[in-house]
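What follows is one structure encoded as structure tokens, with my remarks underneath.
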Amino acid sequence: MATTLRTKTKKTKAAASSSPAKWVGQPIRRKEEDRLVRGKGIFVDDQKLMGMLHIRFVRSSYGHAKITRLDVSKAAALPGVVCTLTGAEVKSMVKPFIEIGPDAGQKIADYPMAVDKVVFQGEPVAAVVAETRLIAEDAAELVEVEYEPLPPVLTAEEALKDASLVHPEMGTNRNWHGVFEYGNIEKAFQQAAHVVHIGRLHFHRFSSTPLENNAVIAVWDSRSERIEYWSNNSFPSFAAQFLSPALGVGIDQILMKSFDIGGGFGIKITNYPYMAVCALASRKTGGRPIKWAETRTEHMQASAHGNERTFFDTRVALDKNGVITAIDSRHVDDCGAYPRYEPLGCVIWAQVLPGAYRVKNVRIDVNQVVTNKCPVGPNRGYSRMQQLWFIERILDICGHTLGVSNDEMRLRNYIRKEEMPYTTPNGCVYDSGDYAGMLALGKKLIGWDDWKKKQAAARKEGRWIGMGIGSTLDSGTNNFGQAQIINNFAPFSGQSKAANVKLDIYGEVVVSLGSVPQGQGHETTAAQVVADVLGISPDLVKVKPGFDTEQNVYTGHTGTYASQFAVTGLSAIHGAAVKLCNEISRLAAWALKGKEKDLEFAIGAQGPEVRDRRTKKSINYWGLANLVNVNNAGMPETLWDVTLNCRHVYHAPFQVPDVKRKYGNLTLTYAAQIHVAVIEVDRETFQPKILAYACVDDCGRTINPRIVEGQVHGCTAHGIGAALMENCAYDSDGNLMASTFSDYTPITAMNMPDLLYGHMESPSPFSYNGAKGMGEGGAAPVHTVCAALQDALYSSGVIIDDSHNTGDSIFRALQRAGSGGFASMVRVEHPRPSR
Amino acid sequence: MEIKFSGVFTVRKTPQEVYDFLVDPNRFCPLLPDYQSMEILDAKNFLVKLSVGISHIRGTAAVKMSLVEAEPATRAVYEGKGDVPGGSATLRAGFDLQAAPGGETKVSWLGQSNVVGRIASLAGGLLEPLAKKNVQKLIDGLQKALG
């Protein structure tokens with residue numbers, strides 16, 4: 001049964017807001033570009049404050065070891081060194097960070113620095129604070145640390161055995177466990193025409209690798225007992241909620257600021273442990289500013305990686321037509337050494353429980369384990385991409401096994417356009433979408449039928465060419481109530497964003513966002529929305545980017561994450577702009593001695609103005625602002641509430657989910673991307689090469705097509721990199737084998753295929769503007785590349801069981817296939833053979 | 001990252017002479033590749049400083065060595081632990097001595113090292129050939145010194 005949600009928006013009285021959108025929907029250039037392209041962006045590491053010191057962390061060489069000796073005396077004695085910090089000292093100054101999860105997870109003592117033992121390579125064990133960065137680096141080399149190695153826990157399987165414990169105080173490596181069961185699983189399997197059993201599938205670790213690494217400047221002002229942060233944390237209101245109890249200060253004593261941020265994609269949400277140490281260092285040095293600018297190797301080793309997930313014992317029930325009727329599986333998520341933002345990932349995947357498909361009966365047993373690897377953090381497509389990859393792998397494996405082509409398999413299983421809004425088995429409501437239409441567009445773009453012929457001809461020549469499809473959902477605007485499914489004491493639910501729009505004293509339209517953009521173009525889209533409400537040009541709207549606690553334009557949900565700004569941020573901005581518009585109308589009607597219904601917003605000789613259509617009199621924004629702010633004698637009391645400084649908080653229409661049933665709407669909008677690829681695997685080097693690539697996006701009503709297309713390009717590059725190049729692999733001792741870009745090989749323009757891009761619009765009925773959040777893309781290329789590789793190699797007995805595929809891994813997969821690997825990977829039963 | 005090497009060589013010295021050489025840090029340690037200096041801590045423990053470097057990662061490694069097994073004329077085993085630039089390393093070097101015809105000694109050796117830390121990440125692929133080269137230098141040095 002579909003559930004309909006509707007949001008309420010106030011209509012404005014003035015003419016401007018009732019006219020059709022002039023700027024929303026236009027591909028205008030980004031307002032931010034001028035500043036950023038000219039090198040005028042202001043990033044944390046650009047800041048130089050009076051008396052500023054630099055901190056350098058000493059990091060563990062081991063993945064798992066006891067610290068047997070730590071001596072900072074030589075470092076402390078180096079000229080230029082101001083102080084040092086050790087784990088023991090830090091422990092005496094802070095409380096452990098709060099844990100979101102219940103039970104065993106609550107027992108973890110997560111300090112921002114290792115105290116007695118290290119649990120991942122790169123974990124800070126000491127810090128040196130010095131007058132210059134170079135002195136701090138030299139001094140860090142003088143810190144003497146001795147370790148006693150412990151057996152590292154590096155895989156889901158090892159973690160589940162509990163033979164070696166990452167956190168002995170937990171008594172287990174299992175951080176969270178839950179079963180998500182919907183429909184009637186056993187009945188569906190009894191009635192199935194085919195049951196496909198799939199062995200181990202594995203979604204690898206990769207990261208977002210933003211251009212700008214983590215960075216923070218902290219000042220602990222002992223007089224005011226306030227901590228001021230200038231950072232690139234992308235969810236500052238969340239970070240403050242972790243920092244406040246740990247540092248023992250009120251949350252109002254923590255001031256957060258951000259300005260330009262060089263990418264993040266979620267991974268900067270969890271940099272708050274470093275923020276805590278910087279604050280402690282500032283306190284220890286009498287309130288001097290402390291700067292930490294992470295190196296690339298530090299970022300790779302010890303910031304955050306995306307979640308790794310292993311899928312075991314999967315059973316899939318299908319009817320005689322290849323329609324999937326049930327999925328039963330066991331998933332183990334590896335969150336690394338400390339949960340931090342986790343175990344939220346153990347429920348966030350459920351936003352896309354059935355993927356883009358109509359399967360009604362689902363049982364997934366979810367475990368999350370801690371391991372001796374870098375802690376995870378939300379990574380573009382956070383937790384949903386692992387589930388979407390799993391579902392897409394099922395589609396392809398079942399399709400190949402039953403002899404149904406990959407496009408037909410999808411068409412038989414897609415949720416239909418006419419079924420929207422569609423309620424999934426776990427109560428999520430897909431707002432709108434036409435997945436079959438998107439696939440048709442993708443096939444048209446790439447020339448599917450032509451490639452089919454070329455593929456057939458190439459196969460006769462012995463070439464390995466595969467065609468793959470990846471169908472993904474970009475669920476946006478999340479309901480924090482899902483945290484209560486993880487821990488019913490979690491004090492989170494709903495979703496909200498605040499914005500402020502004002503006329504300043506000189507009549508300039510100024511928007512304060514409170515969001516934390518990292519390249520998403522918030523300044524531009526905000527200006528487009530406000531320009532339409534006020535009937536002016538986006539050039540006349542000044543948007544103040546970044547987060548600033550003192551401007552009070554935030555809620556506890558404020559940050560940039562979970563594909564939501566187009567809905568939450570722009571709804572807040574729209575609401576504030578409408579309030580401002582109404583105030584301007586009331587004020588102008590008084591000033592012009594007219595009636596609100598006769599007013600129109602226009603551009604006059606002196607800029608934006610309000611004009612009385614009847615009398616032709618007008619007053620410009622400067623005049624209006626002047627009346628309120630500095631020239632208000634004689635203003636009637638009925639207008640004293642007009643401030644021309646309007647704040648609006650958007651609340652998404654959510655309920656708290658049914659925690660026991662794990663049922664409810666977990667997110668508001670569902671953008672979709674369907675990608676199609678043609679890939680050839682070289683028969684001599686086994687290296688895959690993309691021959692053609694098409695991506696189709698549907699994010700509802702588009703605010704700025706240029707920005708949307710850029711986001712699709714970005715997430716496609718990220719996904720192709722993840723699928724074919726990028727891997728945070730560890731060796732058997734817990735050494736990260738990709739701690740530089742030389743080893744991690746992030747994708748560059750040189751590795752990118754030409755992208756064919758298509759766009760559809762299925763407006764969301766749940767947002768005021770029909771828009772849906774987008775930009776994460778659900779890691780569509782990872783699914784697409786795997787699908788195409790399997791299509792290329794299936795006839796050689798290969799099932800693609802890992803999300804990361806290189807020439808080397810493909811060679812090994814072919815070797816396994818030759819020695820009966822396929823049979824152990826996939827088994828088919830036909831309990832009720834189709835007649 | 002574990003690296004293991006082993007081999008056999010023969011020298012024109014008696015097992016006792018070879019043993020005496022191996023357990024004397026003043027004679028044995030200077031043969032270590034890129035040896036800088038040594039500090040004797042007690043009869044079985046000493047601190048050796050070595051120059052180490054792979055590509056741009058260069059510096060001095062301070063390795064604490066211990067003679068953990070010493071059976072005259074038969075066996076000598078060292079264990080070491082130290083910090084190298086960007087990481088830590090443990091090592092074990094064992095020598096089994098067997099009398100050979102003509103007053104010679106057959107030396108069966110086993111070298112095992114475990115390198116962890118940034119250096120293993122940055123230079124993992126280079127470590128094994130470098131270690132092989134250095135071990136060969138040590139063995140060549142031993143053969144030369146033992147005549």
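Across the options A:ILE267, A:GLN241, A:VAL196, the greatest Cα extent toward the positive end of the charge dipole of the range A:169-326 (unit charges at beta carbon of Lys, Arg, Asp, Glu) belongs to A:ILE267. Here the accessible area is traced with a 1.4 Å probe on the protein chains. For the protein assembly as shown, carbon and sulfur cover 51 percent of it. Placing R0 at 35 angstrom, the Cβ-Cβ distance between A:ASP116 and A:ALA163 gives a FRET efficiency of 0.95 after rounding to 0.05. Computed across the protein assembly as shown, the Kirkwood hydrodynamic radius from all distinct Cα-Cα pairs reaches 30.8 Å.
In the range A:527-619, the ratio of gyration radius to Kirkwood radius, Rg to Rh, stands at 1.07 when only Cα atoms are counted. Peptide B:111-121 shows a mean partner chain C-beta count of 6 within 10 Å per residue C-beta. Each Cα pair under 8 Å and six or more residues apart adds its separation to the average, and for chain A the resulting relative contact order is 18 percent. Angle check, please: helix B:118-145 long axis (alpha carbons) against the longest principal axis of chain B (alpha carbons), in degrees 0 to 90, nearest 10. On a 0 to 90 degree scale, this one is about 20.
Peptides B:94-103, A:136-145, A:553-562 ranked from most to least packed give A:553-562, A:136-145, B:94-103, packing being the mean of other C-beta atoms within 10 angstrom over each peptide's residues. Reducing the range A:411-447 and the range B:88-107 to their Cα centroids gives an inter-centroid distance of 71 Å.
The alpha-carbon of A:LYS22 sits under 14 angstrom from the alpha-carbons of these aspartates and glutamates, leaving out residues fewer than 8 places away in its chain: A:ASP532, A:ASP539. Dipole check for chain B: with +1 at the C-beta of Lys and Arg, -1 at the C-beta of Asp and Glu, and the Cα centre as origin, the magnitude is about 380 Debye.
Need the list of lysines near B:LYS144 for cross-linking: C-alpha distance under 27 angstrom, and skip anything on the same chain fewer than eight residues off. Output for B:LYS144: B:LYS4, B:LYS13, B:LYS44, B:LYS49, B:LYS64, B:LYS81, B:LYS106, B:LYS132, B:LYS133.
Think of it as helices only: each DSSP H run of n ≥ 4 in the protein assembly as shown is worth -39500 (n - 2.57), and spread over all residues that comes to -8500 deg cm²/dmol at 222 nm. Annotation for the A:B interface, with buried accessible surface near 1200 Å², both sides summed [1.4 Å probe; non-protein components not counted]. Which one of A:THR371, A:VAL44, A:PRO781 is farthest out on the positive end of the charge dipole of chain A, using unit charges on Cβ (Lys, Arg +1; Asp, Glu -1) and the Cα centre as origin? The Cα lying farthest towards the positive end belongs to A:PRO781.
With all distinct Cα pairs included, what does the Kirkwood hydrodynamic radius of the range A:416-457 come out to in Å, to one decimal, could you say? Spell out each step's value before the answer.
Numbers: mean 1/r = 0.0815 Å⁻¹.
Kirkwood radius, the range A:416-457: 12.3 Å.
Ordering of A:55-67, A:800-812 by packing is A:55-67, A:800-812, highest average first (other Cβ atoms within 10 Å, averaged per residue). Backbone phi angles across the range A:488-497, fed through the Karplus curve with coefficients 6.51, -1.76 and 1.60 (θ = phi - 60°), yield HN-Hα couplings of 6, 9, 5, x, 10, 6, x, 7, 8, 9 Hz in residue order; Gly and Pro are listed as x. Debye-formula intensities of the range B:2-146, expressed as log10 I(q)/I(0) at q = 0.11, 0.16 Å⁻¹, are -0.40, -0.84 (one equal scatterer per alpha-carbon, no solvent). Treating r as the C-beta distance of A:ARG416 and A:LYS22 and R0 as 41 Å, the FRET efficiency rounds to 0.75.
For the pair A:ASP319 and A:MET50 in one chain, pulling the backbone fully straight at 0.36 nm per residue adds 89.8 nm over the alpha carbon distance.
The residues of chain A expose, per residue, 36 Å² of accessible area to a 1.4 Å probe.
Each residue, A:LEU36 and A:ALA457, gets one label point 7 Å from its Cα in the Cβ direction; the gap between the two is 4.3 nm. Treating cross-link reach as a plain straight distance, find the lysines whose alpha-carbon is under 27 Å from the alpha-carbon of A:LYS360, omitting any fewer than eight places away in the same chain. Excluding near neighbours in sequence, the set is A:LYS187, A:LYS320, A:LYS417, A:LYS660, A:LYS662, A:LYS772. Of the whole protein surface, A:ASP731 contributes about 30 Å² of accessible area at a 1.4 Å probe radius.
How many Cβ atoms of partner chains, on average, are near each residue of A:144-155 if near means within 10 Å of its Cβ? Don't skip to the end; give the middle numbers.
Numbers: counts 2, 2, 5, 5, 1, 4, 0, 0, 1, 0, 0, 0.
Shielding by partners across A:144-155 averages 2.
Here is what passes the span test in chain A: the DSSP H helices with alpha carbon length of 24 Å or more along the helix axis and a Kyte-Doolittle mean of 0.0 or above are A:384-402, A:570-591, A:705-724. Look at the stretch B:76-86: the mean tally of other chain Cβ atoms within 10 Å of its residues' Cβ atoms is 2.
If one computes the Cα centroid of the range A:325-399 and of the range A:546-616, what distance in Å separates the two points? Distance between centres, Cα-based: 42 Å. Highest average first, the peptides A:782-795, A:455-468 ordered by how many other beta carbon atoms sit within 10 Å of their residues are A:782-795, A:455-468. At the listed q of 0.21, 0.22, 0.26 Å⁻¹, the Debye profile of the range A:448-528, built from one uniform point per Cα, gives log10 I(q)/I(0) equal to -1.07, -1.10, -1.19.
Taking the Cα centre of the protein assembly as shown as origin, work out the dipole magnitude from +1 charges on Lys and Arg Cβ and -1 charges on Asp and Glu Cβ, in debye rounded to 20.
For the protein assembly as shown, the charge dipole is close to 2320 debye.
The values are calculated or read from the model by the stated rules, or taken from the named source; none is laboratory data. Every value quoted in this text rests on a predicted model; they were computed, and no experiment measured them. Virtual Cβ from ideal backbone geometry, glycine too; neighbours counted across all protein chains shown. Each accessible area value is taken on the protein alone, full model and side chains, heavy atoms only, with ligands, DNA and RNA left out. Shrake-Rupley method; radii C 1.70, N 1.55, O 1.52, S 1.80 Å.
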